[in-house]
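J.: The structure is given below, and queries will be raised subsequently.
Rule-based calculations on the coordinates, nothing more; no lab input. Note that this is a predicted model, so its numbers are computed, not measured. Here the Cβ is made from the backbone with ideal geometry for all residues, glycine too, and neighbour counts use every protein chain on show.
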Amino acid sequence: TSGPRNGVATLLASLVLAPMFTVPALAQSKIATLDRGQYVCELPGSAASHAGIAQPEENFRIESASQYSAPEGDGTYLRRGDRVVMTSGPRNGVVYVLVGRNFLRKIEGGEPGRLRCIRQSR
């Protein structure tokens, strides 16, 4: 049979099944962590000045598998693939892209910005 009831059933089935087939790309990425330690942030300098211009207010420390601390307080983060999202605390919503194992760039306007954060070696 066809008619309004069949159309409603089809719509409901598509709404229930749709989330299984339309998973965002970020959600498909493997969950990982950042290496623990102090990440020092800077803006690029120029050939006539220092190699980088320190931005100490942007610095943060990875304390554990999901915890960070910053000058303004502590929070949690989530890394999926090469994206790192601060999920709570003073930096809630800030996103970085992992460029190298110990090198992040802050996302600004949807693209990797000029601010870079590098884990200090011990």
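J.: Roughly speaking, what is the stretch gain from SER88 to SER66, that is 0.36 nm per residue apart minus the C-alpha to C-alpha distance, in nm to one decimal?
T.: Fully extending the segment from SER88 to SER66 adds 6.9 nm.
J.: Each label point is 7 Å from the Cα along the Cα-to-Cβ direction; what then is the distance between the points at ARG114 and SER46, in nm?
T.: 1.1
J.: Rounded to two decimals, what ratio of Rg to Rh does the range 48-104 give with C-alpha atoms and a Kirkwood Rh?
T.: Computed over Cα atoms, the ratio is 1.01.
J.: Let me ask something additional. Ranked from highest to lowest mean number of other Cβ atoms within 10 Å per residue, what is the order of the peptides 95-105, 37-47?
T.: The peptides rank, most packed first, as 95-105, 37-47.
J.: In debye, nearest 20, what is the charge dipole magnitude of the range 26-122 about its Cα centre with +1 on Lys and Arg Cβ and -1 on Asp and Glu Cβ, if you could check?
T.: Magnitude of the dipole: close to 400 debye.
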